[in-house]
Amino acid sequence: MSYKKLLHEHSPKDLAESLVFPVRLSAKQQKAADLQLAEARQKLQEKMTDAEKLTGRLMGLKFRMEDYFRAEKPNTEYSFGYFLKLYIELLDMKRREFAEQIGIDETLLSQLINQRRTPPEYIPIRLELHSNNSIPAEYWFRVIEKDREGAMLLNKAAMRKKEMKYVTGGISVQI
Amino acid sequence: MAIIEVATGRKLTASISPLEDIDFKQITKKRYFFDWKKEKGAGELFKLTLQGESEILGLLALKDFPTEFRMQIHLLCVSRENYSKGKKYDGIAGSLIAFAARTAIGKYFEDACISLLPKTELRAHYKSKYGMMDGGPQLFLEGARLHAIIKKYLP
């Protein structure tokens, strides 16, 4: 059904609440439109407060974490270390300063970022407190779980082979 | 995200996921307003369904402009039964717009922006309903307003 016909049958309000129509512009019009949009955005960005910018950064981190731990397949691009490093970068902090603020040694922080140590249980809690509850501890725990799941799947055969020698008995029924 | 069942006022859980080839079997122009097959490959396509159900309640076509940290809502629709008066569910279009905002923030953090190019007659309504701002012929959401639409539709 054409736009004109819909507009004849329904109010603009109803249409706007249900649809976004395709609008074609010529190359010249598109270029001018993009320029105007860039100018309007520039003006808005100049007025943006630090709190507003930080909110955007934290929301971005949170959504990436959600996408990671909710995904069916593990994504090796991400990990607890990746998100921790990103959190510190988004706050524009030095690692030493951040380690101090959450009461850990800089060496431990480095080990956590580089995935050379499993995060102790208190770390997600301290991260939640540090973020003023913006990133709940549950998010960090779920990321850690997802990391484990990914590692299990990646090394499935090797891990089973390694443990096989310790299992000397078992049941015969399989469900 | 929550969709409201108009008859009962109940909040129902919905999910948005990428459109798959098999979905095109149920997507007709009559029910979903546009020729969605034409949009294949032109951008990212998403569907909104109630959790655990396969019936598509809304569709979204997003185009990414990475150099501008911007995602454009190229096309959006609710299914015919959820359109205008007598609709079964409310909040479908808002949830799809909020999903676009969420996707942009997940990619571009504080620089994220979503935009759309409106039909002239609908311009004022996108602004009042979703808080969109003027950017020449285009409308956009960025900063606090972008965050607000996510909080409203994807609490």
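The values are calculated or read from the model by the stated rules, or taken from the named source; none is laboratory data. As the structure is a prediction and not an experimental result, all values here were calculated from the model. Note that we place each Cβ from the backbone using ideal geometry, even for glycine, and neighbour counts take in every protein chain shown.
Just to be sure before I move on: is A:Ala151 outside any loop (DSSP other than H, G, I, E, B), surrounded by 14 or more Cβ atoms within 10 Å (Cβ to Cβ) and at pLDDT below 95 in the structure I sent? Judged against the criteria, A:Ala151 is a match. Among the helices (runs of 4 or more DSSP H) confined to the stretch A:1-114, the ones with at least 3 residues that are at the interface with chain B (Cβ under 10 Å from one of its Cβ atoms) and of a type outside the set (S, T, N, Q) are located at A:3-9, A:12-16, A:27-47, A:50-70.
Keeping to the stretch B:107-131, report how many residues are crowded, with 23+ Cβ neighbours inside 10 Å and more than 7 Å from chain A (Cβ to nearest Cβ). Total meeting the criteria: 2. Sub-8 Å Cβ pairs linking a first residue in the stretch A:29-40 that is closer than 15 Å to B:Ile114 by Cα to a second residue that is of a type in the set (Asp, Glu) and surrounded by 13 or more Cβ atoms within 10 Å (Cβ to Cβ), at least 6 apart or interchain, are A:Asp34/B:Glu68; A:Ala38/B:Glu68; A:Ala40/B:Asp134, ordered by first then second residue. Just one of (1) buried (at least 20 other Cβ atoms within 10 Å of the Cβ); (2) under 11 Å from the mean Cα position of the chain (by Cα) fails for A:Gly56. It is (2). Take B:Ile27 and tell me if it is within 11 Å of another protein chain (Cβ to nearest Cβ) and among the aliphatic types (A, V, I, L, M). Considered against the rule, which asks whether it is within 11 Å of another protein chain (Cβ to nearest Cβ) and among the aliphatic types (A, V, I, L, M), B:Ile27 comes out as no.
Looking across the stretch A:107-123, just one residue is touching a residue at least 12 places away in the same chain (Cβ under 8 Å) and more than 14 Å from A:Lys85 (Cα to Cα), and that is A:Thr118. The combined condition, being more than 8 Å from every other protein chain (Cβ to nearest Cβ), of a type in the set (A, V, I, L, M, F, W, C), out of contact with any helix residue (DSSP H, G or I) (no Cβ under 8 Å at 6 or more places or on another chain) and buried (at least 16 other Cβ atoms within 10 Å of the Cβ), is not fulfilled by B:Ala104.
In the set B:Lys37, B:Lys88, B:Lys63, only one residue is touching a residue at least 12 places away in the same chain (Cβ under 8 Å) and closer than 24 Å to B:Thr13 by Cβ; that residue is B:Lys88.
Just one of (1) surrounded by 15 or more Cβ atoms within 10 Å (Cβ to Cβ); (2) at pLDDT below 95 fails for A:Lys62. It is (2).
Note on the stretch B:56-155: enclosed helices (runs of 4 or more DSSP H) holding 2 or more residues that are in contact with a Gly (Cβ under 6 Å, 6 or more places away or on another chain) and more than 24 Å from A:Pro12 (Cα to Cα) are B:92-108.
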